[in-house]
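Heads up, the thing below is written out as structure tokens.
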Amino acid sequence: MFKRIDHVEIITDQPERTIQFYTEVLGFKVRARDRVVPPGGTTALNLAYLELGGTTVELITYEGANPAPAPTGLHLGYNLIALEVEDMQKALDYLKSKGVPCVWGPRTLEHSARAEITDPNGYHIELRHWF
């Protein structure tokens, strides 16, 4: 009945900067872009669908919305997305060369290594290397 996670939504007030980060740094491809005005609504949505390895991130921008900071610390709701990497150290070295610092870790566990970076919105992205 259920096949897979189709997409994860991220709301941003910096769509072009966010698209550039996900495509040029993380290797996502732009799958499609849309602009939607809900029936009876006045606030349009700009949508960008970014795909990596069969998973899609849907970036949503509300025209005219005020930006809000990304949540920090322990909180309810969205926490992060996780990307599997082939080699943790190579991934971190590559990201550092692109100006993307590791904000947590890396930590080695019994079956994996884990670290975190942030996107231009301040949203955390986990990096996971399974052994």
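The values are calculated or read from the model by the stated rules, or taken from the named source; none is laboratory data. If you're wondering where the values come from, they're calculated on a predicted model, not measured in any experiment. Glycine gets a Cβ as well: all are built from the backbone with ideal geometry, and neighbour counts include every protein chain shown.
Points worth noting:
- Residue in the range 18-31 that is on the phi > 0 side of the Ramachandran plot, modelled with pLDDT of 95 or more, loosely packed, with under 15 Cβ neighbours inside 10 Å and not assigned by TED's automatic domain parsing to the domain that holds Pro120 present: yes
- Of the residues making up the range 79-97, none is among the aromatic types (Phe, Trp, Tyr), outside the structural domain of Asp34 (by TED's automatic domain parsing) and touching a strand residue (DSSP E or B) at 6+ places or on another chain (Cβ under 7 Å).
Residue by residue, here is whether (1) in contact (Cβ under 8 Å) with a residue 40 or more places away in the chain; (2) in the same structural domain as Val25 (by TED's automatic domain parsing); (3) in contact with a helix residue (DSSP H, G or I) (Cβ under 8 Å, 6 or more places away or on another chain); (4) loosely packed, with under 11 Cβ neighbours inside 10 Å holds:
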{"residue": "Pro39", "(1), (2), (3), (4)": "no, yes, no, yes"}
{"residue": "Gly53", "(1), (2), (3), (4)": "no, yes, no, yes"}
{"residue": "Glu58", "(1), (2), (3), (4)": "yes, yes, no, no"}
{"residue": "Pro67", "(1), (2), (3), (4)": "yes, no, no, yes"}
{"residue": "Pro71", "(1), (2), (3), (4)": "no, no, no, no"}
{"residue": "Val103", "(1), (2), (3), (4)": "no, no, no, no"}
{"residue": "Thr108", "(1), (2), (3), (4)": "no, no, no, no"}
{"residue": "His124", "(1), (2), (3), (4)": "yes, no, no, no"}
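- Of all the numbered requirements in (1) of a type in the set (A, V, I, L, M); (2) assigned to a strand (DSSP E or B); (3) surrounded by 13 or more Cβ atoms within 10 Å (Cβ to Cβ); (4) free of Cβ contacts under 8 Å to residues at least 60 places away in the same chain, Ile10 misses one, and that requirement is (4).
- Residue match in the range 37-53 (condition: hydroxyl-bearing (Ser, Thr, Tyr) and within 23 Å of Gly122 (Cα to Cα)): yes
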